[in-house]
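Student: Here's a structure for you.
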């Protein structure tokens with residue numbers, strides 16, 4: 001063991017010198033330069049990591065899926081989609097402006113009802129690394145907010161390119177289409193952030209009032225569109241005709257004057273996408289000078305985004321001050337109530353509760369001793385019950401994962417209820433139509449119900465029920481430490497979302513079977529087959545996540561590709577499963593005697609459905625065994 005002492009020379013070398021600090025001030029960078037350097041380093045690192053992942057054997061499946069999807073998407077865009085009928089550019093312009101206003105309205109209602117964690121109370125999404133690099137740096141809040149929005153630029157560029165593959169046939173200029181779609185999507189992102197900041201600044205009473213108002217507005221809009229759809233559909237139309245009419249009514253609503261006034265920030269970008277002049281530029285620029293019109297629309301879009309940026313910065317400052325004032329008012333209310341014996345954090349007490357608490361504190365000492373004895377007895381009984389409740393977890397540890405998932409669902413129960421109530425109502429809507437309007441369409445109504453349940457299980461259930469591996473990336477190491485096999489871990493993680501989806505399927509089927517006159521064998525087959533679809537959906541979703549993991553708030557290009565791959569496999573399932581079932585039933589009728597056709601077709605189709613579901617579950621188990629948190633976990 002040795003002890004070192006600093007010499008005078010070394011002491012002088014390490015002594016802080018004011019001149020050194022003053023000279024280092026000139027090396028400080030402007031915040032924009034710092035953010036640019038940070039994003040350049042992050043982009044370079046992500047590109048090197050992306051190239052390494054493509055060449056890595058561990059990521060071969062994910063790389064093959066991503067590259068295969070891009071090639072298939074481009075092939076479909078330049079072959080199949082190029083033969084479709086040309087859409088009116090004016091209609092496309094209304095969709096780009098009014099449709100995004102409708103999406104902003106949907107986002108506002110969803111964000112208003114969303115429950116955010118305590119450590120992320122606002123819409124400014126930051127990871128621990130980003131909080132250290134940006135939040136801890138010598139820069140103002142303004143640059144932090146601007147940086148948070150600017151991070152979505154790569155993903156927006158990728159989305160614009162993918163949309164151009166679909167829309168290039170409808171416009172005269174491909175570059176103007178890409179610029180217009182990109183600026184419209186980027187403007188939409190600023191509008192979403194502005195709405196989110198306004199909602200963050202509200203107190204609890206104001207949010208409850210707005211939540212009630214949002215329910216009234218949403219119900220009124222749905223009722224108006226439903227009644228208009230019924231009135232516009234000719235009598236005797238099938239459910240497909242009702243659906244096409246409903247989509248047309250939504251398009252008409254998006255193109256209405258009221259919605260277009262709300263879409264004023266999106267007007268320059270939407271007109272630029274379809275290469276159409278816009279007022280007031282038509283007053284002093286001839287219509288034939290289209291390049292000059294496009295330049296004016298481009299500058300107007302950029303100016304609109306700059307104005308939205310200034311508004312967002314002002315709103316962010318106002319939101320912080322208002323949240324701070326609300327917290328101070330809450331603390332003052334707690335300080336006023338704490339001398340009366342009311343626990344801080346519970347502010348919903350009236351004067352009678354305060355007087356009752358004061359009277360209880362003024363009782364005699366014998367009453368206090370009795371109450372303390374009773375409270376200690378109750379505490380011991382509660383602890384005993386708690387210990388008894390944990391015993392099944394030691395006999396079968398899988399219940400620990402199931403109990404954990406059930407505890408997580410409490411926080412999102414309102415969102416889950418709304419997410420499944422709406423598709424249930426849409427799926428059952430053809431059965432609720434007047435009988436004279438759908439005469440002789442019983443089979444089509446039933447097919448519509450079945451399709452609605454399948455679409456909801458495939459498309460809506462996974463985003464609404466992310467209570468599985470997708471939300472536990474930062475706790476993968478903890479999950480690895482549990483004394484469970486890979487099959488038990490995967491079964492426990494999928495238990496709650498699959499059970500909720502099956503419950504939705506069975507309730508919808510039960511209500512539909514009570515309204516419609518369908519054979520009991522059909523209902524029984526669907527009741528057994530639909531759960532396999534739920535298992536298949538969540539198993540493949542989680543397999544893709546474990547094969548190509550991502551942070552929950554990622555906005556990169558990989559997220560866009562991953563979302564498109566997810567829609568691709570779901571579309572393939574919806575296209576091929578009915579076709580394969582039809583071939584199986586046809587083969588049974590052609591090759592088997594009449595008396596055994598039904599049992600063989602019934603049992604064989606169910607075996608095939610559950611074989612596919614169990615195969616997907618096996619793939620998930622393999623992905624979980626293969627997943628290495630030290631290698632596969634992406635950085636923040």
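Every number in this text was worked out from the coordinates using simple rules, so none of it is lab data. Just so it is clear, the model here is predicted, and its values are computed rather than measured. Note: ideal-geometry Cβ built from the backbone for every residue, glycine included; neighbour counts use all protein chains shown.
Student: With each label point set 7 Å from Cα along the Cα-Cβ vector, what nm distance links residue 569 and residue 169?
Tutor: It is 2.9 nm.
Student: Separate question: Place a point 7 Å from the Cα of residue 219 along the Cα-to-Cβ direction; which residues of segment 93-111 have their backbone N under 18 Å from it?
Tutor: Those under the cut-off are 109-110.
Student: Okay, next question. Relative contact order of segment 83-327, please, whole-number percent, based on alpha carbon pairs below 8 angstrom and at least 6 residues apart. If you can, show how the numbers build up before the last one.
Tutor: Details: 221 pairs, mean separation 84.4, N = 245.
Normalised by residue count, the contact order of segment 83-327 is 34 percent.
Student: Next question. How many angstrom lie between the Cα centre of segment 250-289 and the Cα centre of segment 483-529?
Tutor: Centre-to-centre distance over Cα atoms comes out at 47 Å.
Student: Please work out the FRET efficiency for the pair residue 322 and residue 514, using the Cβ-Cβ distance as r and a Förster radius of 60 Å; give the result to the nearest 0.05.
Tutor: 0.75
Student: Under 13 Å from a label point 7 Å along Cα→Cβ of residue 596: give me every residue in segment 509-524 with its amide N that close.
Tutor: none
Student: Something else now. At 0.36 nm per residue, and after removing the present C-alpha to C-alpha distance, how many nm does the segment from residue 256 to residue 307 gain when stretched out fully?
Tutor: 15.9 nm
Student: Something else about it: Above 21 angstrom, tally the Cα pairs of segment 480-547 and express them as a % of all pairs, no decimals.
Tutor: Pairs farther apart than 21 Å: 39 percent.
Student: What is the Cα centroid distance between segment 451-474 and segment 574-636, reported in whole angstrom?
Tutor: Here the answer is 19 Å between Cα centres.
Student: Kirkwood hydrodynamic radius, segment 397-632, all distinct C-alpha pairs: what's the number in Å? Kindly include the intermediate steps, with their values, before the conclusion.
Tutor: Values: mean 1/r = 0.0514 Å⁻¹.
So the Kirkwood estimate lands at 19.4 Å.
Student: Sorted by packing (mean other beta-carbon atoms within 10 Å per residue), highest first, where do 504-514, 319-329 land?
Tutor: Values: 504-514: 18.5, 319-329: 13.4.
Result, highest mean Cβ count within 10 Å first: 504-514, 319-329.
Student: Right, something else. Which order results if 34, 258 are arranged by neighbouring Cβ count within 10 Å, fewest first?
Tutor: Final ranking by Cβ density, sparse to dense: 258, 34.
Student: Return the FRET efficiency for the residue pair residue 39, residue 486: r is the Cβ-Cβ distance, R0 is 45 Å, and the value is rounded to the nearest 0.05.
Tutor: 0.70
Student: Gain in length, residue 474 to residue 114, computed as 0.36 nm per residue apart minus the alpha-carbon separation, to one decimal in nm? It would help to have the intermediate numbers written out before the result.
Tutor: Working: separation 360, 0.36 × 360 = 129.60 nm, distance 2.12 nm.
Full extension from residue 474 to residue 114 adds 127.5 nm.
Student: Let me ask you something else. In what sequence do 43, 245 fall when counting other Cβ within 10 Å, fewest first?
Tutor: 43, 245
Student: Sticking with this structure for a sec: If each of residue 589 and residue 414 carries a label point 7 Å out from its Cα toward its Cβ, how far apart are those two points in nm?
Tutor: 5.1
Student: OK, next. Take the Cα gyration tensor of segment 83-327, multiply each eigenvalue by 5, square-root it, and list the three semi-axes largest first, rounded to whole angstrom.
Tutor: 34, 27, 16
Student: Could you line up 216, 144, 274 from fewest to most neighbouring Cβ atoms inside 10 Å?
Tutor: Arranged by neighbour count, lowest to highest, 216, 144, 274 become 216, 144, 274.
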